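Structure, as structure tokens:
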Amino acid sequence: MIEVRELTKSYGAKVVIDRLSFTVLPGHVTGFLGPNGSGKSTTMRVIVGLDHPDSGTATIGGKRYAELSRPLRTVGALLDAESAHPGRSAFNHLLYLAQSQGLPRSRVDEVLELVGLKDVGRDRTGTFSLGMRQRLGIAVALLGDPQVLILDEPINGLDPDGIFWIRNLMRQLAGEGRTVLVSSHLMSEMAVTADSLIVIGRGQLIADCSTSEFIGRSSHRSVLVRSSDPVRLRTALDAAGAQVVPGEDGAVSVRALDARHIGEIAARDGIVLWELSPQLASLEDAFREMTHGHRDFGSPTGPTADAKRQPETHVVAAAGAGAGATR
Amino acid sequence: MTATLAPGPSGTTTGADAAGLLRSEWTKLRSLRSTVWSLLLLVAVTIGFTALFTGLTVAQWDQLDPAQTAQVVADPGRMALGAGFQLGQLAVCVLGVLVMAGEYSSGTIRASLLAVPRRTPMLAAKTVVFAMLIFIVGELTAWPTFFLGAAILHSRAPVSIADPGVLRAVIGAGLYLAVLAVFAIAIGALVRHTAGAITGIIGLVLVLSPLAQLLPGSIGKHIHTYLPSEAGSLIASPRQGANDMLGPWQGFGVFCAETAVLVAAATILLKRRDA
């Protein structure tokens, strides 16, 4: 279990993590989402003790990372692919890490085989492709057979086979009761991999809930309707306060009214419905909607941290009074 | 599938933590080509330059300034060892910086600190392993260097390993390089950028010394005496020269103290800074 409490971290005047609190439970794949620059990587680096927080705590199974003896046996982390010396072989990179944890040499061969690098284990990592370096990073994370895995953008640079492999691996690890925290900027990937989500923007928590709940919370939910008389149906739905957007082939997309009410209105007016299907917002839509105003890109230069934080209060409130509200 | 992930034999602990860390740092050190090349350079440059300088001195003996020849006669051991080590020591400086700052430039430091999050034990293990390696290679260099230099100088300025101070100087050459190795690691840890750290240490070891000698009067003399490489290398000189203000062990003590201060600063910063 990973527990982050009131974590705050600034680089100079820039607040990167702002009183962030969340808990990552074992047995799930927990997705960690946020726009670029929202503080995901920094949060992960603080959890594993590479960066020091200004205040707040991050603990793993109740202990700070630095308090763990032989930490790689408890926590496996993949932070970025560039953490091996290009002049050292993959085998020796893993070997020195294994020796520092009192792990036998045979474990190095095991993880090299597990990540599919057995044949190139003696090659220097400088000759590796990004995908191979990523696999090496995953080998490092798995080296100590840890109960907790922290993976920052693990599918970066992987080919489709590799993505399929890592997705199954994460699900398998979580299925064994391990704690898996994985960040990604690919919403589609998180939608199929993550059971629950932690969403942050500008270092603050936006949502902490199951993936389906997060998608469901989005106002982008709509219902696709095909009928025998689209014109009359539209008039009736407008009157009921729905937003109706014409689609292809006479279909309409209806918002602000659920399928049950649409069906009832159609029955009342004697309109035949050929199709009535609720459309779930994609995770991407939900993410963009909820992080709107949390983006650091293109924000005018120079606003103070306080001024930046102002609009987010509304967004958090709009996200509902669920687990997402930080204050 | 669980079988592939199960701990199996990895669940068993092999060796104590300190021993594991030392083994780990040894693996890091031996698995990079720069280590092998730097050490070969140390041996070759040191022996080569001693042969060159003593050879030229003997060949030109009659044309040399009498004051110069008198200096060689007074302490031929210093000539035999010093001629080569003056340049050879740079290999230790560069390698020491690479061993530490190279972790930062390659990103390996993140993997290393994830494995040893308390950080200090990693720096300690690295320092011990590297210093021991340099001491061994330093001795393996010092002995042939001395005997080669002594053989070449024999006709003009005979010196024997049994002469006063000579044995201490030959062993001292390795000791000096070992402490210099620690000094270089500390500089690498403080500066963290390979190029900057190499420039810094070469400035300290090679450039500052002649500059300090240009300073007027006793200030210059004092600064020159206490420069790390000047004070430290006194232990590799068999006899105390007329211009040496410190004895061999005093000089070595000064160098050790200066190195200890750098190591302390490096340790504090390593613990405090984000990696």
- About the Cα centre of chain A, how large is the charge dipole given +1 on each Lys and Arg Cβ and -1 on each Asp and Glu Cβ? Please answer in debye to the nearest 20. 800 debye
- Please report, to one decimal in angstroms, the Kirkwood hydrodynamic radius of region B:15-272 built from all distinct Cα-Cα pairs. 19.0 Å
- When the solvent-accessible surface of protein heavy atoms is calculated with a 1.4 angstrom probe, in what order do B:W143, A:W165, B:W61, B:W26 fall, highest first? B:W26, B:W143, A:W165, B:W61
- Name the residue farthest towards the positive end of the dipole of chain B from the options B:N243, B:L153, B:A257, assuming +1 on Cβ of Lys and Arg, -1 on Cβ of Asp and Glu, about the Cα centre. B:A257
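Below 8 Å between Cα atoms, with a sequence gap of 6+, how large is the relative contact order for region B:10-114 in percent? Before the final figure, lay out each step's value.
On the way: 51 pairs, mean separation 36.4, N = 105.
Worked out over region B:10-114, it gives 35 percent.
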- Message: I'd like the accessible area for A:K63, computed on protein heavy atoms only with a 1.4 Å probe and all protein chains in place. Round to 10 Å², please.
- Response: 100 Å²
- Item | Contact order normalised by residue count of region B:125-275, Cα under 8 Å, 6+ apart, percent | 25 percent
- Task: Just name one of B:W26, B:F183, B:A44: the one whose Cα is farthest towards the positive end of the charge dipole of chain B (beta-carbon charges, Lys/Arg +1, Asp/Glu -1).
- Result: B:W26
- Message: Using protein chains only and a probe of 1.4 angstrom, how many square angstrom of A:E275 are accessible, to the nearest 10?
- Response: 60 Å²
- Message: Which of A:R167, A:R135, A:R226 ends up with the largest GNM mean-square fluctuation for chain A, with Cα atoms connected below 10 Å?
- Response: A:R226
- Query: Taking the Cα centre of the protein assembly as shown as the origin, how large is its charge dipole in debye, to the nearest 20, when only Lys and Arg (+1) and Asp and Glu (-1) carry charge on their Cβ atoms?
  - Reply: 920 debye
- Task: Tell me what chain B gives for mean residue ellipticity at 222 nm when only DSSP H runs of n ≥ 4 count, each as -39,500 (n - 2.57), the sum divided by the residue total, rounded to 500 deg cm²/dmol.
- Result: -25500 deg cm²/dmol
- Message: Compute the distance from the alpha-carbon center of region B:111-126 to that of region A:1-36, in whole Å.
- Response: 25 Å
- Note on the structure: Mean per-residue count of partner chain Cβ within 10 Å for A:46-58 equals 2
- Item | Highest-fluctuation residue, A:L280, A:L142, A:L79 considered, GNM on chain A with Cα pairs under 10 Å | A:L280
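Pairs of Cα atoms under 8 Å, at least six residues apart: use those to get the relative contact order of region B:15-272, whole percent. Write down the numbers at each step before the final one.
On the way: 358 pairs, mean separation 61.8, N = 258.
The normalised contact order for region B:15-272 reaches 24 percent.
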- For the pairing of chain A with chain B, what total accessible surface becomes buried, with a 1.4 angstrom probe, in square angstrom to the nearest 100? 3600 Å²
- Task: Rank A:T59, A:P160, A:F32 by how far each Cα sits towards the positive end of the charge dipole of region A:27-172 (+1 on Lys, Arg Cβ; -1 on Asp, Glu Cβ) and give me just the farthest.
- Result: A:T59
- Task: Kindly write out, for region A:174-179 in residue order, the coupling ³J(HN,Hα) from the Karplus curve 6.51 cos²θ - 1.76 cosθ + 1.60 (θ = phi - 60°), rounded to whole Hz, with x marking Gly and Pro.
- Result: 5, x, 7, x, 7, 8
- Item | Given charges at beta-carbon only (K, R positive; D, E negative), |dipole| of region B:15-272 in Debye | 980 debye
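Is there a simple number for the mean count of other chain Cβ atoms within 10 Å of the Cβ of residues in A:164-176, and what is it?
1
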- How crowded by other chains is A:85-97, given as the mean number of beta carbons from other chains within 10 Å of each beta carbon? 6
- Message: Cross-link candidates for B:K28: which lysines have Cα within less than 27 Å, leaving aside residues fewer than 8 places away along the same chain?
- Response: A:K118, B:K126, B:K271
- On each of the three principal axes the extent of the alpha-carbon atoms of chain A, given in whole Å and largest first, is 76, 46, 35
- With θ set to phi - 60°, apply the Karplus curve 6.51 cos²θ - 1.76 cosθ + 1.60 along region B:202-219 and write out the HN-Hα couplings as whole Hz, x wherever there is a Gly or Pro. 5, x, 5, 7, 9, 7, 5, 4, x, 5, 4, 5, 6, 5, x, x, 6, 4
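Give the percent of DSSP beta bridges with both residues in the protein assembly as shown that are antiparallel, rounded to the nearest 5.
In the protein assembly as shown, DSSP labels about 65 percent of beta bridges as antiparallel.
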- Item | Value at 222 nm in deg cm²/dmol, rounded to 500, when DSSP H runs of n ≥ 4 in chain A each add -39,500 (n - 2.57) | -10000 deg cm²/dmol
- Item | When the convex hull of its Cα atoms is projected in every direction, mean area for the protein assembly as shown (nm²) | 36.0 nm²
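The values are calculated or read from the model by the stated rules, or taken from the named source; none is laboratory data. It should be emphasised that the depicted structure is a prediction, and the values quoted were computed from it without experimental measurement. Counting neighbours? That spans all protein chains shown, and the Cβs are built from the backbone with ideal geometry, glycine included. The accessibility values were calculated without ligands, DNA or RNA, using every heavy atom of the protein model including side chains. Shrake-Rupley method; radii C 1.70, N 1.55, O 1.52, S 1.80 Å.
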